[in-house]
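What follows is a single structure, written as structure tokens, with notes after it.
FYI, it's all coordinate maths here, none of it is from the lab. What you see is a predicted model, and the numbers here were worked out from it, not measured in a lab. All Cβ positions, glycine included, derive from the backbone under ideal geometry; neighbour counts span all protein chains shown.
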Amino acid sequence: MSLETEVASQAVVMGPSFWIATAIFILAYALIISEKIHKTILAMFGAALMIVLGIVTQEDAFHSMEFGIDWNVIFLLVSMMIIINIMKPTGLFEYIAIKSAKVARGEPFMIMAIFSVVTATISAFLDNVTTVLLVAPVTLLICQALELDVVPYLITETLASNIGGTATLIGDPPNIMIASKAQLDFMAFIYHLSPVIIVVLIAYVFTIKLIFGKRLHVKEELKQRVMAMNERDAIKDPVLLKKSLFVLAVTVTGFVFHGALHFEPATIALFGAGLLLLISGTKDPHHILAEAEWGTLFFFMGLFMIIGGVVKVGLIKWMSIEVLKLTQGNLLGTSMIVMWFSAFASAFIDNIPYVATMNPLIIDMAKQLWPNLSGTALLHHPDLMPIWWSLALGACLGGNGTAIGASANVIVVGMAEKMGKPISFKKFMLYGMPLMIESVIICTVYVWLRYYVLKI
């Protein structure tokens, strides 16, 4: 069967349910982009409308993997939040910041470069929002000591967190969502994405040197102020720190081997969170649980239901048909379109709802191209894999384009405002967009060379 015949046979029936679900979807996204109403409120209300208006059933919303909440994503996120909230009081991140500044010998650009690399590395193993929440306050501490403007440091660290988070399954929520839908394991992300992210990060450091290198100067006596800091004083609870690092190591090891263990990453993370709660001596977990990003979690849940609604009525299928018509089934062309469209879409739409939309679209494209396959044979088709990686690279790195492109960006802009150092949308975009385009160009060459020339 030709592609044209196959596509024609997959025609979508655009009845009342189709248009109602599409209207809810478009309106929710438009309001999320406008930031007039909090995105969590919009996601929850949109999800409720999908159920009340009969687009999805309650059974679909809460129990269907195809049309409802992806509980693997939710429990992975909440479990990692618990682990990090227990670690916070130990002073580990303050220690890392002071140590990094001393390694840089108080040189302002070297501090920026080391902080960026450290942030990217931490983001590979913690979600980006958590990373910037931990790194931003200690960055302010160092910048105050050196009498430096904290804004360039906050921007570069935020961009670095999104770069580093792209390298692993757990580093960035879009990757968690892709892994769950595509049934990909932790090592697959390491193997396919880490090599190019290392190159992107190296290029990033050289580029920020060109941008900021000559603009950052401090007096020698201020450098000595930083060198006089004792990083050991930052450690507030060494016993809890040891326990936390042990559990974190166990959890990450579990992620690496979760395929062989036949456990979902969510199960591994839940075990780690439960173990740390048990051995940390926490008598009452209420304060730890209260600090979890519940707004983010409910945003995810609502979003999954909204996307489930438009999947059920056929909007996603219609979109996939149009993409296939555009590329004429050329998989290299499809990969490139997915990557670049994802990058620019994610710059202006939070990459979490964007990926929630794209995941079923790619699956539906695959069903049309290989109608005789199903399950992992379909999801892991050799010709489909580059498209999954293109989506991950485009969505995660595209988030660097603007202040609203990724959750970490929004968090840092809000924190900067509280610090009395507001970062305008224009200023963030001035730095973020060129660096985003640079990183996507590198990834374009990588995908083309690795999967379509060398075919490895």
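Applying a threshold of 31 Å to the alpha-carbon distances of Lys367/Lys455; Lys219/Lys427; Lys325/Lys455; Lys312/Lys455 flags Lys312/Lys455 as lying beyond it. Note on Phe45 and Met433: their simple-model spin labels are 3.1 nm apart, each label 7 Å out from Cα toward Cβ.
Return the lysines within reach of Lys242: Cα separation strictly under 17 angstrom, same-chain partners fewer than 8 residues apart disregarded; answer none if there are no such residues. Within the straight-line limit of under 17 Å, Lys242 reaches these lysines: Lys88. Once the Cβ-Cβ distance of Leu210 and Lys242 is raised to the sixth power relative to R0 = 30 Å, the FRET efficiency obtained is 0.15.
Taken as Cα centroids, the stretch 183-246 and the stretch 49-128 sit 16 Å apart, rounded to the nearest whole angstrom.
Taken over the C-alpha atoms, the stretch 11-66 has Rg and Dmax values of 12.3, 36 angstrom.
Note on Leu373/Tyr191: beta-carbon distance plugged into 1/(1 + (r/R0)^6) with R0 of 22 Å gives a FRET efficiency of 0.45. Taking Cβ atoms as reference points and 13 Å as the exclusive limit, the residues near Gly165 contribute a net charge of -3, counting Lys and Arg as +1 and Asp and Glu as -1.
For the pair Trp294 and Phe348, the difference between a 0.36 nm per residue extended length and the Cα-Cα distance amounts to 17.1 nm. Once Cα Rg over 2.2 N^0.38 Å is calculated for the structure shown, the corresponding label among (i) 0.99; (ii) 1.06; (iii) 0.94 turns out to be (i). Relative to the longest principal axis of the Cα atoms of the chain, the long axis of helix 128-146 makes an angle of roughly 30 degrees.
Three semi-axes describe the equivalent ellipsoid of the stretch 174-327; taken as square roots of 5 times the Cα gyration tensor eigenvalues and ordered largest first, they are 37, 29, 18 Å. Placing a label point 7 Å from the Cα of Met65 along the Cα-to-Cβ direction, the residues of the stretch 168-205 whose backbone N falls under 12 Å from that point are 180-184.
Placing a label point 7 Å from the Cα of Leu454 along the Cα-to-Cβ line, the residues of the stretch 195-239 whose backbone N sits under 20 Å from it are 195-204. For Leu248, Leu275, the sequence from fewest to most other C-beta atoms within 10 Å is Leu275, Leu248.
Using a basic spin-label model with each label point 7 Å from the Cα along Cα→Cβ, how many nm lie between Ala203 and Arg105? Output for this residue pair reads 3.1 nm.
Taking the 0 to 90 degree range and rounding to the nearest ten, how far is the long axis of helix 385-398 tilted relative to the main principal axis of the chain, both from C-alpha atoms? Helix 385-398 and the main axis of the chain meet at about 50 degrees.
Restriction of the trypsin sites (Lys or Arg not before Pro) in the stretch 179-284 to DSSP coil positions whose beta-carbon has at most 14 other beta-carbons within 10 angstrom yields Lys214, Arg215, Lys219, Lys236, Lys283. Annotation for Lys36 and Arg232: the two label points, set 7 Å from Cα along the Cα-Cβ direction, are 5.9 nm apart. Multiplying the residue separation of Thr57 and Val13 by 0.36 nm and removing their Cα-Cα distance gives an extension gain of 13.9 nm. Tell me, what is the FRET efficiency for Leu332 and Ala23 to the nearest 0.05, using R0 = 51 angstrom and their Cβ-Cβ distance as r? Efficiency, from the Cβ-Cβ distance: 0.90.
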